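This report refers to the structure that appears directly beneath it.
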Amino acid sequence: MSRIRLYLDEDTMKGALIQALRNADLDVVTVADVGRLGYSDEEQLIWAAEQERVIYSFNIGDFCRLHGDFIAIVNLLHRANAS
């Protein structure tokens, strides 16, 4: 069974939350841990995906938009490959 690998963005860097997640034996890194403070949401999401981590954020609006953009790109690629 694989462990959950979380990447916490700047919105979620509360010490108590981080410690509670680590106490639950989750693999947790923050943007501060990896020197990525101030990067755009898109850059954070790409980095998380490259590291096979789940991004954890309270920034719902921007990440819903990014998810929608990703789905649109996948649909375009699928249509192009189907032709």
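Just so you know, all these numbers are worked out from the coordinates, no wet-lab data involved. These numbers come from a predicted model, not from an experiment. Note that we place each Cβ from the backbone using ideal geometry, even for glycine, and neighbour counts take in every protein chain shown.
Before moving on, here are some points about what is shown:
- Positive-end ranking of Leu8, Ile71, Gln44 along the dipole of the stretch 5-82, with charges on Cβ about the Cα centre, is headed by Ile71.
- Summed residue charge, Cβ within 11 Å of Tyr39's Cβ, Lys/Arg positive, Asp/Glu negative: -4
- Kyte-Doolittle mean at least 0.5, axial Cα span of 18 Å or more - DSSP H helices of the chain: 60-82
- Per-peptide packing, taken as the mean over residues of other Cβ atoms within 10 Å, places 41-48, 12-19 in the sequence 41-48, 12-19 from highest down.
- Helix content alone sets the calculated 222 nm mean residue ellipticity of the chain: runs of n ≥ 4 DSSP H residues at -39500 (n - 2.57) each, divided across all residues, give -16500 deg cm²/dmol.
- Listing Arg3, Arg22 from fewest to most neighbouring C-beta atoms within 10 Å gives Arg3, Arg22.
- Karplus-derived 3J(HN,Hα), 6.51/-1.76/1.60, for each residue of the stretch 4-11, Hz, glycine and proline x: 6, 10, 9, 10, 8, 7, 4, 5
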